[in-house]
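Let me begin by presenting the structure, written as structure tokens, before commenting on it.
The values are calculated or read from the model by the stated rules, or taken from the named source; none is laboratory data. These figures come from a predicted structure and were not determined experimentally. Methodologically, a virtual Cβ is constructed for each residue, glycine included, from the backbone with ideal geometry; neighbour enumeration extends over all protein chains shown. SASA here: full protein model, heavy atoms, side chains in, ligands and nucleic acids out. Shrake-Rupley method; radii C 1.70, N 1.55, O 1.52, S 1.80 Å.
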Amino acid sequence: MRDIILGIDLGTTNSAVGTVDSGFPILLANEDGKRIFPSAVWIGRNGEIEVGAAALRRRTIEPDRVITSIKRLIGRRADETEEHFPVAVATTSNGLPQVLGKSPEEISAEILRELKRIAEWRMGTTITKAVITVPAYFHDAQRAATKRAGELAGLEVVRILNEPTAAALAYGLDKLSEHSRVAVYDLGGGTFDLSILEMQDGVFQVLATHGDTRLGGDDLDALILRRVTERLGIDEIDSTSRVRLMEEAERVKRTLSENDTAVFRVPFYDGARSIEETITREDLETIAAPWIGRTLRHCRQALADAALTPEDLDAVVLVGGSTRIPAVRQAVADLFKREPDVSQHPDEAIALGATIQGGIMNGALRQIILLDVTPLSLGIETFGGLMNVLIPRNTTIPCKAGEMFTNAADGQTAMRVRVLQGEREMARDNWDLGDFNVGFAPAPKGQARMGVQFKIDENGILEVLARDVSTNTDTIVKLGNAAVNVDDEAVEAMVSESVEHAFTDIAERIFTEARLKAEELLPAVEAVLAQGLVRDDERVEIEAATAAVKTALTQGAATPLKTAVQRLDAATETLAARLVEQALDEALERGMNHQ
Ligand code: AMP
């Protein structure tokens, strides 16, 4: 019998688990008949644990012992934590977040352990394998941390799958005709992604993906609460009251998806005061407009990345609980100029897709190959602090790319390989994924050869190989678990910053490249001038070109420096050619004299 592979949607707000049973992908219900479980963990004072609805029920009594939205912390550093994380976040000595003495992986593992338990109870057998989904925008550290959470829960994670890709499988988009293109709009509790997929030779290609790991329904709850407290002039809210008020904001939001008005009502929320405020659907639409607008910007960016217009798409599908909001559906319909497909249960589509993927992997379902893309460019730092891209943004994975580098100084015995992720021209503006030193045999400047290869496996985990060509020694570093070294700013910020700074970035790259060339040329030119081999007419031009380079260097302007360096290069090129010719003539002459 083939091993069962679970399909798991480990969501910010809710989670679900499924498996293929008798050839059908199904989601598994718990003892209460529920197929969707809150991603909540209660940790008692003596270390007792409860997960799901049972954990949430304890929130009114012990709000600071019930952890929700742990996905927002997984694979991140403590200094990147959220303003409104519901429970106090501590920092370990190595800068990682901890909640109630546990790491985000350990807390996520509790949710996964519960899902595994439900599945084993339903299927009546031990299960050890799973496919787990993550937002398309999760970077290496977040993917690796999710994988570790699975391992802590006793699950071998056979695939980390992008959520929109899972959704595409659930919608049966593989049944569309060749070259059909589909957009998957996924707005959940804590994250947003828009992915554009294309069917080619019966295979899914992800053409582009864009999103924000900090944009979801939770933010809208906070905006609703802010509107209510501002209207009523309430400025101080303690953490216990806040939990109750946020729950009410969420309830009001859901009600307004069905009704035209809802009453925000919390009696004695702080023991003394009460709130009762009517909110209309129109109010909600006003509050939500900028929030929806943020998702639309990502949609436009993804379309631009894929070089497509809305008319090029054959379908738009909605997933994630927040796509139940009528204003969201309308905005998506307006932007993509078509009615979105809402045939799937928005909360179940991703777990179902993960289940289908599991079924494909163990042979229980027909094979479809899925290809994902890199959300941001990957590269290393080179001379002058420049970013050298090895794998560009939106490259289909799995993938491999390599390049040859040389030493910057004579006799150098080690090179630092600094791995970067991002869209900016200068290394310092990109995210540092980690660095390591590679030793090599000393050689004159520019003579040592080091090959650097990046490999991204099907789980999106990056492995870097550095090879000293003279000794054939390889250094291999897996960066999948480099959480401490990852600077996790929102991907959205990275992309929009790169657009915003495009002109200054390019100017700095041109200046740096010209400066490096100038630093190489100037000492060589001075040495030749000192030898007195230069004719007067050449000397005049070379000295003028040298002076122009020096002035441009002090002025710091890119184009004048580039022009001056080109002039100096041209001036020395004729000189170099003449010197070679002269040396040849002399050799020939000497040869003739010896005859
Ligand atoms: P997910 O992360 O996909 O489970 O989505 C959860 C988010 O969907 C939460 O922010 C919920 O408040 C939101 N949500 C669920 N149902 C509704 C609804 N009927 N109307 C508006 N938002 C909803």
Check: Looking at the range 91-121, which of its residues are part of a strand (DSSP E or B) and either crowded, with 16+ Cβ neighbours inside 10 Å or on the phi > 0 side of the Ramachandran plot (or both)?
Finding: PRO97, GLN98, VAL99, LYS102
Checklist line | Matching option when the condition is at pLDDT below 90 and in contact with a Gly (Cβ under 6 Å, 6 or more places away or on another chain), among GLY172, GLY190 | finding: GLY190
Checklist line | Selected residue (only one of ALA90, ALA144 is under 22 Å from the mean Cα position of the chain (by Cα), assigned by TED's automatic domain parsing to the domain that holds SER15 and of a type in the set (A, V, I, L, M)) | finding: ALA144
Checklist line | Restricting the range 243-285 to residues that are under 32 Å from the mean Cα position of the chain (by Cα) and open to solvent by 70 Å² or more (accessible area, probe 1.4 Å), the residue that is nearest to GLU62 (Cα to Cα) | finding: GLU247
Notebook entry, point to check: Under 6 Å by Cβ, and 6 or more places apart or on different chains, what pairs join a residue from the range 94-118 that is among the hydroxyl-bearing types (Ser, Thr, Tyr) with one that is assigned to a loop (DSSP other than H, G, I, E, B)?
Noted result: SER108/ILE74
Checklist line | Positions within the range 327-367 being within 16 Å of the ligand (Cβ to nearest atom), within 28 Å of ASP283 (Cβ to Cβ) and open to solvent by less than 40 Å² (accessible area, probe 1.4 Å), in sequence order | finding: ALA327, VAL328, ALA331, VAL332, PRO340, PRO346
Margin query: Being under 25 Å from THR382 (Cβ atoms) and either open to solvent by 50 Å² or more (accessible area, probe 1.4 Å) or hydroxyl-bearing (Ser, Thr, Tyr) (or both) narrows it down to one residue among GLN531, GLN566, GLN582; which is it?
Written below: GLN566
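Being more than 10 Å from the ligand (Cβ to nearest atom) and under 24 Å from GLN142 (Cα atoms) is the filter; apply it to the range 213-222 and report the residue that is most open to solvent (accessible area, probe 1.4 Å).
Selected residue: ARG214.
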Notebook entry, point to check: Out of (1) in contact with a Pro (Cβ under 8 Å, 6 or more places away or on another chain); (2) without any contact (Cβ under 8 Å) to a residue 40 or more places away in the chain; (3) of a type in the set (Asp, Glu), the odd one out for ASP193 is which?
Noted result: (2)
Next item on the list: Report, by residue number, each residue of the range 249-272 that is more than 12 Å from the ligand (Cβ to nearest atom) and within 27 Å of ALA55 (Cα to Cα).
Entry: VAL263, PHE264, ARG265, VAL266, PRO267, PHE268, TYR269, ASP270, GLY271, ALA272
Next item on the list: Taking the residues in the range 469-495 that are modelled with pLDDT of 75 or more and within 16 Å of GLN421 (Cα to Cα) as candidates, determine which candidate is most open to solvent (accessible area, probe 1.4 Å).
Entry: LYS478
Check: Of the residues that sit in the range 273-293 and are in contact with an Asp or Glu (Cβ under 8 Å, 6 or more places away or on another chain) and within 14 Å of the ligand (Cβ to nearest atom), which one is farthest from LEU215 (Cα to Cα)?
Finding: ARG281
Check: Would the range 294-304 turn up any residue that is within 16 Å of the ligand (Cβ to nearest atom) and modelled with pLDDT of 95 or more?
Finding: yes
Notebook entry, point to check: Can you name the residue in the range 194-212 that is of a type in the set (Asp, Glu) and open to solvent by 10 Å² or more (accessible area, probe 1.4 Å) and, of all such residues, is modelled with the highest pLDDT?
Noted result: GLU198
Item checked: Answer from PHE440, PHE436, PHE454 - the residue that is open to solvent by less than 10 Å² (accessible area, probe 1.4 Å) and over 16 Å from the mean Cα position of the chain (by Cα) -> PHE454
Margin query: Can you find a residue that is over 21 Å from THR60 (Cα atoms), within 20 Å of the chain's Cα centre (by Cα) and part of a loop (DSSP other than H, G, I, E, B) anywhere in the range 216-236?
Written below: yes
